[in-house]
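What follows is a set of notes on a single structure, which appears directly below.
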Amino acid sequence: MKIKLFTIPNILTLLNLACGFAAISVTLLDKNIELAFIFIIIATVFDFLDGFAARLLKAYSLLGKELDSLADMVSFGVAPATIVMVMFMEMDSKLAPLAVIIALFSALRLAKFNIDENQTSEFIGLPTPANAIFFASCGWMFQNELIFTTHNEWTLALITVVMSFWLISNIKMFSLKFKSYAIKDNYVVYSFLLCSLISLIIWQISALPLIIMTYICISVFANLIKKNKLQ
């Protein structure tokens with residue numbers, strides 16, 4: 001069987017991985033979390049584009065699926081863990097090793113996603129890109145002295161643990177993938193995107209952690225409504 005390595009989706013996935021590596025490098029070498037944040041955002045764009053290209057070109061492959069998970073592990077698992085580790089170090093905290101759980105639980109999340117056939121139209125647990133954006137934006141705010149400006153490492157530790165457990169939770173999260181563009185079929189998604197856009201216009205990057213938390217809350221609320229309807 002001939003395996004095609006350098007398809008358009010695979011190249012986009014590799015660019016995702018390259019951005020993740022760049023984010024880790026600038027965080028460790030220069031402690032430049034602001035630039036790492038930018039690389040993670042670009043990695044997220046490539047992560048979206050590789051799936052879009054695969055659907056558009058009908059270029060699905062087992063290689064592409066495995067490659068996507070490996071790239072996501074670097075960009076959305078190791079990179080945010082590195083950012084949080086440096087944040088702890090900047091606080092002179094001994095809790096820096098705790099950051100590894102972001103990488104560990106991201107690995108579990110990605111492995112679970114690969115074998116779970118119930119995650120085609122929605123996610124179970126927080127997607128790793130959303131978790132990475134949350135911590136990268138918190139890192140950006142930290143470096144700009146907007147949050148965690150004093151020695152409140154226990155707050156960061158608590159957030160790290162809670163967000164990591166969201167990755168492997170059994171809570172169903174709505175997907176931003178569209179099967180159709182009708183408003184009635186995507187009311188929750190359109191509402192979320194509109195609120196997110198307004199928040200970004202008003203608060204810019206500082207809105208991103210709030211947007212991710214809103215995403216989680218809406219998903220939890222939607223699950224409760226579904227359970228009540230079934231009872």
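The values are calculated or read from the model by the stated rules, or taken from the named source; none is laboratory data. In this text, all values refer to a predicted model and were calculated from it rather than measured experimentally. Cβ placement follows ideal geometry from the backbone for every residue including glycine, while neighbour counts extend to all protein chains displayed.
So the values come out like this:
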| item | result |
| --- | --- |
| Residues of segment 60-95 satisfying the condition of being of a type in the set (F, W, Y), over 14 Å from the mean Cα position of the chain (by Cα) and crowded, with 18+ Cβ neighbours inside 10 Å | F88 |
| Members of segment 1-48 that are charged (D, E, K, R), modelled with pLDDT of 95 or more and within 19 Å of L67 (Cα to Cα) | D47 |
| Test set (1) more than 28 Å from M87 (Cβ to Cβ); (2) crowded, with 17+ Cβ neighbours inside 10 Å - I212 fails condition number | (1) |
| Unique match (being touching a Leu at 6+ places or on another chain (Cβ under 6 Å) and either part of a helix (DSSP H, G or I) or surrounded by fewer than 17 Cβ atoms within 10 Å (Cβ to Cβ) (or both)) among L98, L49 | L49 |
| Odd one out for S93 among (1) polar (S, T, N, Q); (2) at pLDDT below 95; (3) within 23 Å of L208 (Cα to Cα) | (3) |
| Every residue from segment 27-37 that is touching a helix residue (DSSP H, G or I) at 6+ places or on another chain (Cβ under 8 Å), surrounded by fewer than 20 Cβ atoms within 10 Å (Cβ to Cβ) and either small (G, A, S) or in a helix (DSSP H, G or I) (or both) | L28, E34, L35 |
| Conditions (1) free of Cβ contacts under 8 Å to residues at least 12 places away in the same chain; (2) part of a helix (DSSP H, G or I); (3) closer than 13 Å to N10 by Cα; (4) not small (G, A, S); number of the one not met by Y60 | (2) |
| Every residue from segment 66-95 that is assigned to a helix (DSSP H, G or I) and touching a residue at least 60 places away in the same chain (Cβ under 8 Å) | I83, V84, M87, F88 |
| So L126, is it surrounded by 22 or more Cβ atoms within 10 Å (Cβ to Cβ) and assigned to a loop (DSSP other than H, G, I, E, B) | yes |
